[in-house]
1. In region 217-243, what residues are touching a residue at least 24 places away in the same chain (Cβ under 8 Å), touching a Ser or Thr at 6+ places or on another chain (Cβ under 6 Å) and not aromatic (Phe, Trp, Tyr)?
2. Looking at this structure, is residue 153 at pLDDT 90 or above, open to solvent by less than 40 Å² (accessible area, probe 1.4 Å) and either closer than 25 Å to residue 47 by Cβ or in a loop (DSSP other than H, G, I, E, B) (or both)?
3. How many residues does region 239-296 hold that are of a type in the set (Ser, Thr, Tyr) and over 23 Å from the mean Cα position of the chain (by Cα)?
4. Would you mind stating whether residue 124 is among the charged types (D, E, K, R), modelled with pLDDT of 95 or more and more than 27 Å from residue 294 (Cα to Cα)?
5. If you go through region 5-23, how many residues are out of contact with any Lys or Arg (no Cβ under 9 Å at 6 or more places or on another chain), open to solvent by less than 80 Å² (accessible area, probe 1.4 Å), at pLDDT below 70 and not aliphatic (A, V, I, L, M)?
6. What residue, of 214, 249, is surrounded by 15 or more Cβ atoms within 10 Å (Cβ to Cβ), closer than 14 Å to residue 47 by Cβ and β-branched (Val, Ile, Thr)?
7. Which pairs have Cβ atoms under 9 Å, sit 6 or more apart or on different chains, and link a residue in region 112-130 that is farther than 22 Å from residue 155 by Cα to one that is among the basic types (Lys, Arg) and open to solvent by 50 Å² or more (accessible area, probe 1.4 Å)?
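The values are calculated or read from the model by the stated rules, or taken from the named source; none is laboratory data. Remember, predicted model here, so these are calculated numbers, not experimental data. Counting neighbours? That spans all protein chains shown, and the Cβs are built from the backbone with ideal geometry, glycine included. Only protein heavy atoms, including side chains, enter the accessible area calculation; ligands, DNA and RNA are left aside. Shrake-Rupley method; radii C 1.70, N 1.55, O 1.52, S 1.80 Å.
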Amino acid sequence: MSDTQSTNPDRARLLQHFSSNPSDPSRWESLWATSYMPWDRASPSPALVDLLSSRHSALNPPVLAPPSGDKYLPPQHQAIRRPRALVPGCGRGYDVLLLAAWGFDALGVEYASTAVKQAAEYVEKVEAELAGEGRGEVSAEEVRVYEDGDKKVGRGSARVVEGDFFDDGWWKGDGGERYELIYDYTFFSALPPESRAKWAGRMAELLAPGGRLVCLEFPTYKDPKTGGPPWATPPKEYVAYLSRPGEKVKYGEDGHVVDIDEEKPSRSEKGLVRVAHFQPERTHEIGKGTDWLSVWKHQSS
């Protein structure tokens, strides 16, 4: 797949925008504020839709929540709650709403205040339509994907908050508990390589025992030397960083990681294990034929 600047004007503009300081998250706000979001697909990830609806064996089933009207629960059930899901860099919250439809109390985290505002408005409109109280601001076709995915479990909550993924403020505001599912799509690729060790360490910290980290790996086809965002994300990068969270990774002159056995990597005590890795049948158009989906867990899970 071609990835030259001449055929990818959006890539060229993003490269220029982040050229002086690619690690500065505030640069995303100016893009949102000017309504320049070439990454926005206006719908949840088809790969995540299919993963949830197939009840893939790599995922732990959601925990059934008690009926909301119960005033008393027997002691053995008092600890039961909905599973929690996290979507860092969630944009307008499409995947947050999707996870809520499948019974998770889902939280999206965004650094850009304009993104948070737009996401809150979109979530409110979709939930109004689902409740039959909307004004047709979101089409019936668009809302349909957010209908309850599992009628037995029912809908969870959907929220988007402003915060830096690497800071604890937003997390403490969400109760400081870890998450049963974390979904990463274009967040990893939005970070320059020098931030990836920190990303992996944070993912391992936020993932609950028994939980699953789901990564839609994109763009896997890019030459690492072309820069970003989005930065090249071949599957071996995820293995290198998540097997040894927080540790630096060695790169070769071609920009690819070296000294990594993708199938049997060396893991640290906190290293995650890849329990599934496959190309999804459906994904957004830009990643067709090149996207990969991986599922990770703690070693003790």
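1. Result: 217, 220, 230, 233.
2. Values: at pLDDT 90 or above: no; open to solvent by less than 40 Å² (accessible area, probe 1.4 Å): yes; either closer than 25 Å to residue 47 by Cβ or in a loop (DSSP other than H, G, I, E, B) (or both): yes.
Answer is no for this residue.
3. Step one: filter region 239-296 for residues of a type in the set (Ser, Thr, Tyr), giving 241, 243, 251, 266, 268, 283, 290, 294.
Pick out the ones that are also over 23 Å from the mean Cα position of the chain (by Cα) and you get 251, 266, 268.
Total meeting the criteria: 3.
4. Numbers: among the charged types (D, E, K, R): yes; modelled with pLDDT of 95 or more: yes; more than 27 Å from residue 294 (Cα to Cα): yes.
Judged against the criteria, residue 124 is a match.
5. Count: 3.
6. None of the other options fit; the residue is 214.
7. Correct list of pairs: 115/92.
Condition check ((1) under 14 Å from the mean Cα position of the chain (by Cα); (2) assigned to a strand (DSSP E or B); (3) closer than 28 Å to residue 267 by Cβ; (4) at pLDDT below 95) across all residues:
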residue: 161; (1), (2), (3), (4): no, yes, no, no
residue: 172; (1), (2), (3), (4): no, no, no, no
residue: 175; (1), (2), (3), (4): no, no, no, yes
residue: 189; (1), (2), (3), (4): yes, no, yes, yes
residue: 199; (1), (2), (3), (4): yes, no, yes, no
residue: 205; (1), (2), (3), (4): no, no, yes, no
residue: 216; (1), (2), (3), (4): yes, yes, yes, no
residue: 230; (1), (2), (3), (4): no, no, yes, yes
